[in-house]
1. How high is the FRET efficiency between ALA315 and ASN90 when r is their beta carbon distance and R₀ equals 51 Å, given to the nearest 0.05?
2. Go through the range 96-110 residue by residue and turn each phi into a ³J(HN,Hα) via Karplus (6.51, -1.76, 1.60, θ = phi - 60°); whole Hz please, and just put x for glycine and proline.
3. Going by alpha carbons, how many degrees (0 to 90, nearest 10) lie between the helix axis of 436-445 and the longest principal axis of the chain?
4. Based on the Cα atoms of the range 327-395, what semi-axes does the equivalent ellipsoid have, where each is the square root of 5 times one gyration tensor eigenvalue, given in whole Å with the largest first?
5. For a quick check of your reading of the filter: which trypsin sites (Lys or Arg not before Pro) in the range 274-365 sit in a DSSP loop and have no more than 13 other Cβ atoms within 10 Å?
6. Given LYS70/LYS489; LYS116/LYS175; LYS366/LYS469; LYS83/LYS135; LYS175/LYS469; LYS135/LYS175, which pairs have Cα atoms separated by over 24 Å?
7. Roughly how tilted is helix 244-256, in degrees to the nearest 10 and between 0 and 90, from the longest Cα axis of the chain?
8. Could you check the simple spin-label distance between ALA414 and HIS480, using points 7 Å along Cα→Cβ, in nm with one decimal?
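The values are calculated or read from the model by the stated rules, or taken from the named source; none is laboratory data. Owing to the predicted nature of the structure, the values given are computational and were not obtained by experimental measurement. Reconstructed Cβ throughout: ideal geometry from the backbone, glycine too, with neighbour counts over all protein chains shown. What goes into the accessible areas is simple: the full protein's heavy atoms, side chains included, and nothing from ligands, DNA or RNA. Shrake-Rupley method; radii C 1.70, N 1.55, O 1.52, S 1.80 Å.
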Amino acid sequence: MTDQATIDRLRTEEIASQGLFIGGKQQAAEAGGTFDVISPIDGSRLTTVADAGASDVDRAVRSARKAFDKGAWSRAAPTERKKVMHRIANLIEKHALELAVLGVRDNGTEIAMALKAEPGSCADTFRYYAEAIDKVCGEIAPTVENVLGLVHREPVGVVGAIVPWNFPLMIGAWKVAPALAAGNSVVLKPAETASLTLLRLAELCAEAGLPEGVFNVVTGRGAVAGEALGLHMDVDVLAFTGSGGVGRRLLEYSARSNLKRVYLELGGKSPNIVFADAPDLDRAARVAAFGIFRNSGQVCVAGSRLLVEHSIHEAFAERVAAIATKIKVGDPLDMATEAGAINSAEQLTKTLSHVDRAVSEGARLKTGGERILEETGGFYMTPTVFDAVSPDMTLACEEVFGPVLAVMPFNDEAEAIRIANATTYGLASAVWTANLSRAHRMVREIRAGVVHVNTYGGADVTVPLGGVKQSGNGHDKSLHALDKYTDLKTAWISLS
Ligand code: NAD
């Protein structure tokens, strides 16, 4: 049991001003710039972080390259790297509550979820890739007899990682852990509104014995520090999670600089499809509600389109709306809270404007749609359910990234597939049915990186996460993620 009293103590702790983490220690930005960290819990100023300019990013990349060339990490024995990665995981676990509270103060996720999704999955991810280090190896090709064809797997060099504000530790670890496991150096740029836990992770990595310069964190603005990392001539791979708009820019940066490989994990408009023969409609309704409303909808794989078979549509939409009205929204540091804050005032405004637009386009508002708890100074919103959403409405097409669900009826399997795939996105999806053949048909027909069957979410580090269409390319998690951070090199050796 997590102790609420400890959380309440940790939430009042002073947070020192944070520098950039370069070369194993915190350093100020060259131009001395900083920006305020605003807590979405109550709008208060938590601390300041350094505002990196292009010269700071260059310093971090040079530090990463120097460490890579030196070889203390890139050429260390696999068993040594494995030990350090396990020590990192141990330290994350040791400081789990502290990290979770720090992250929630920064980005507003409800603490019960943050504990599992942030330090919990971050530590799991470090352990998973630690274990891969001495198990994933190269190949001997089946050549003719007088030749030996060896396929080496080599680290790419310097990896630039740019991550969003939702689940910074989890998503950061999905990039940093496999990149480090493969022997690379990393420069990570957190989102403006979620830097603190990643800076703390860098300190824990140093404490665990990761050599200096191997993992650097540059805080700053996307259009400045992010752009500088994207355009840097000495970054070999860019691994990104965030919006499609920024993803497009990164591809341009690559084209304008050194053709670095760019891997994109982008947004979604994921269909959650409920057939009348679903095994347990009560459970399906509960999971559908939390599939969109946990973390107040700020989840890339959120099931934001609920497709319901016509015969049960009215009753099911009613059930989901009833659950939505009972969700406990509020103080993210209360263990009983089920949906925390919206990350920033800007994101709240954007989400509310989606509500207005859906109303003006004729969708039926069943519940929610309002800012609440304004007196706290924080950014909160009621879980919102729209019914009678047609596939051409903005709410059916654009990612909101907030607690807004679009319910859409369908008549048969073919129509469900048509509506599910009528999107530029292809990240997640789900199908609820007791019919095994139909479940398999839907898995085959839905164009998405993941198709859940009779559940939503919860996929762990052992399976890949990636999008198709405009939800991205490449995969985080699983052994497949190592492909992004390794190059294949052939040695073709004459034996004659
Ligand atoms: P965002 O694209 O606005 O920002 C993401 C990161 O990019 C931040 O660090 C930001 O500072 C940086 N950035 C912004 N402008 C930049 C520029 N011009 N050059 C370089 N970097 C720049 O996204 P966000 O609002 O932080 O996160 C929400 C988005 O992330 C949603 O679309 C969500 O679906 C997506 N997301 C996807 C996944 C996934 O695994 N597919 C996971 C989580 C979030």
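1. Efficiency for this residue pair is about 0.55.
2. Going residue by residue, I get 4, 5, 4, 5, 5, 5, 4, x, 5, 4, 7, 10, x, 4, 4 Hz, with x marking Gly and Pro.
3. 60 degrees
4. Over the Cα atoms of the range 327-395, the semi-axes work out to 25, 13, 9 Å.
5. Answer by residue number: LYS328.
6. LYS366/LYS469
7. 30 degrees
8. Once both label points are built, they end up 3.1 nm from each other.
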